[in-house]
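Please treat every number below as a calculation from the coordinates, not as lab data. These numbers were taken from a predicted model, which means no experiment stands behind them. Here Cβ is always computed from backbone atoms with ideal geometry, including for glycine, and neighbour counts include all displayed protein chains.
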2 protein chains.
Amino acid sequence: MLAEKSTVLDDCRIIDFPKVTDYRGNLSFIEENHQIPFQIKRVYYLYDVPSGATRGGHAHRALHQMIIALSGSFDVIIDDGLRKQSFFLNRPHYGLYIPPRVWRELENFSSNSVALSLVSEVYDETDYVRDYQAFKRLVLNGWQ
Amino acid sequence: MLAEKSTVLDDCRIIDFPKVTDYRGNLSFIEENHQIPFQIKRVYYLYDVPSGATRGGHAHRALHQMIIALSGSFDVIIDDGLRKQSFFLNRPHYGLYIPPRVWRELENFSSNSVALSLVSEVYDETDYVRDYQAFKRLVLNGWQ
């Protein structure tokens, strides 16, 4: 039996951040290069998302990302051009790590959801791949 | 009439982050050294806070902080040992910037509130001043 070839998708993973519980509320923390494998250059967040909405639909050439459901819940569908996988995020202390070269879509937002992203690069439009067919061609050509 | 002497509290301010509005939800972003005047070394967040609870009650020697109400609302009371001021945070695109040497308390949390903090240092207990009388003495002695 042949061993299955590992793909970029195998590097995507849920990270369970520290949770400091307290009767006055819970606290989780994330330090760059400790809880996450990159430096945090940029933070962005989605809010006021209509329940059931879909976001995302792009890949990055170099950017590493951590996505966290700080409130509510949503699905993240990741796709490296060879395989797809879906993660349901619904706990503030869980984050989904997505390395570069992965197509991602966010969908099935609950009402009152907040999606926090910590990313390794400042905004650079040339780092985005926004067309799925272009993404597939890049995968076939080894991102040359 | 004497001009009022400026204090550390004058450096505390609300920053209105960019807000990208979209029918699928709104997005705000924060890049280190752009929207905020420091590098983001650590991110932490409070959640599951009982409504009406109080948090905080400390100062930092060197750490810069941005506090954002990503969901719900709360008050931040800041105090540089000479003056006190209160801010009501209730919009995800507003952040309160707190420089070092400011005592802060968070109170009056609404239900479902999430308080996101972006800070300039990794965790270092020696940077904390957790006793208010010690804080007052440091203010009187010019933080020597």
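Starting with the highest mean, order B:126-137, A:63-74 by the number of other Cβ atoms within 10 Å, averaged over the residues of each peptide.
On the way: B:126-137: 13.3, A:63-74: 22.5.
Result, highest mean Cβ count within 10 Å first: A:63-74, B:126-137.
Once the other residues with Cβ under 13 Å from the Cβ of A:W143 are scored (Lys, Arg +1; Asp, Glu -1), what is the net sum? Don't skip to the answer; put the middle values down first.
Working: positive: A:R61, A:R101, A:K136, A:R137; negative: A:D80, A:D127.
Neighbour charge sum, excluding A:W143 itself: +2.
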Item checked: Proxy reagent accessibility, fewest Cβ within 10 Å first, across B:E107, A:E121 -> B:E107, A:E121
Margin query: Quick one: 3J(HN,Hα) in Hz for the range B:103-113, Karplus 6.51/-1.76/1.60 with θ = phi - 60°, rounded, Gly and Pro as x.
Written below: 6, 10, 9, 10, 8, 6, 5, 7, 5, 6, 7
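What does the charge count near A:E32 come to, summing +1 for each Lys or Arg and -1 for each Asp or Glu among other residues with Cβ under 15 Å from its Cβ? Don't jump to the answer; show the numbers that get you there.
Working: positive: A:K41, A:R42, B:K41, B:R42; negative: A:E31, A:E121, B:E31, B:E32, B:E121, B:D124.
Here the charged neighbours net out to -2.
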Checklist line | Long-range HN-HN contacts of B:S120 with modeled amide H, under 5 Å | finding: B:K41, B:H64
Notebook entry, point to check: ³J(HN,Hα) across the range B:36-52 via Karplus (A = 6.51, B = -1.76, C = 1.60, θ = phi - 60°), whole Hz, x for Gly/Pro?
Noted result: 10, x, 7, 8, 8, 9, 8, 10, 9, 8, 9, 8, 6, 7, x, 4, x
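Neighbouring Cβ atoms within 10 Å as the yardstick, rank A:K41, A:K84, B:K19 fewest first. Spell out each step's value before the answer.
Working: A:K41 20, A:K84 12, B:K19 16.
Listed from fewest to most nearby Cβ atoms, that is A:K84, B:K19, A:K41.
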Item checked: Computed over chain B, Kirkwood Rh from alpha-carbon pairs, angstrom -> 16.0 Å
Next item on the list: Could you tell me, in Å, what Rg and Dmax come out for the Cα atoms of the protein assembly as shown?
Entry: 20.7, 89
Notebook entry, point to check: Cα centroids of the range B:44-78 and the range A:96-142: how far apart, whole angstrom?
Noted result: 30 Å
